[in-house]
Amino acid sequence: MPDSTTTRMPKSLIWILVLVSAHALGTFFGGWAIIDENRSKLDHGQDPLMPMALAWLLALFCCGLAALQVTCVVLARGRRSWVRVALIVCLSIAALGMVFAALGSLTAGAPSLPAFLFAFADLAALWTVCGETGRRYFSVRAEVRIS
């Protein structure tokens, strides 16, 4: 029986980790963009998008979510079961956001192809991590050897 620490990660999970990394980058810069846009509007005498305290709270949430996503990507090789749960939560938030972005672009009359592609990729990634592939990879434990 092969040692479970040498079992290779499925290619589908590698692509999912690349997708989560892209979301982490976008989430971090999205939080920064909210603060920047609010400050820009205030500097020009316009009404901000939201109260500054709420913008900071949302930006901190975005930074925390991005940090969780990066942590999941880094620790996925360790096959910890909580990483799978955290990936499910992160992908659920990302998928929900991208579905809203895709639907919002449709209602605005300017369909966004990237929003639709990311929404489908997120839903497929969520399906994979929740499914047998994710369960099998993240539930394998190293054998205990008694010498």
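Ligands, DNA and RNA left out, the accessible area of the range 20-134 computed with a 1.4 Å probe is 74% carbon and sulfur. Against the longest principal axis of the chain, how steep is helix 52-75, in degrees 0 to 90 to the nearest 10, with axes from Cα atoms? Long axis of 52-75 versus the principal axis of the chain: about 20 degrees. The residues of the range 32-102 expose on average 59 square angstrom of accessible surface per residue, using a 1.4 Å probe on protein heavy atoms.
Once the cut-off is 22 Å, how many percent of the Cα-Cα pairs in the chain end up in the long-distance tail? Result: 51 percent of Cα pairs exceed 22 Å. Taking the longest Cα principal axis of the chain as reference, the axis of helix 81-107 is set at about 40 degrees. Once the Cα atoms are used to define both axes, helix 11-43 deviates from the longest principal axis of the chain by about 20 degrees.
The values are calculated or read from the model by the stated rules, or taken from the named source; none is laboratory data. Since we're looking at a predicted model, the values are computed, not measured. Side chains included, ligands, DNA and RNA excluded: accessible areas come from the protein's heavy atoms. Shrake-Rupley method; radii C 1.70, N 1.55, O 1.52, S 1.80 Å.
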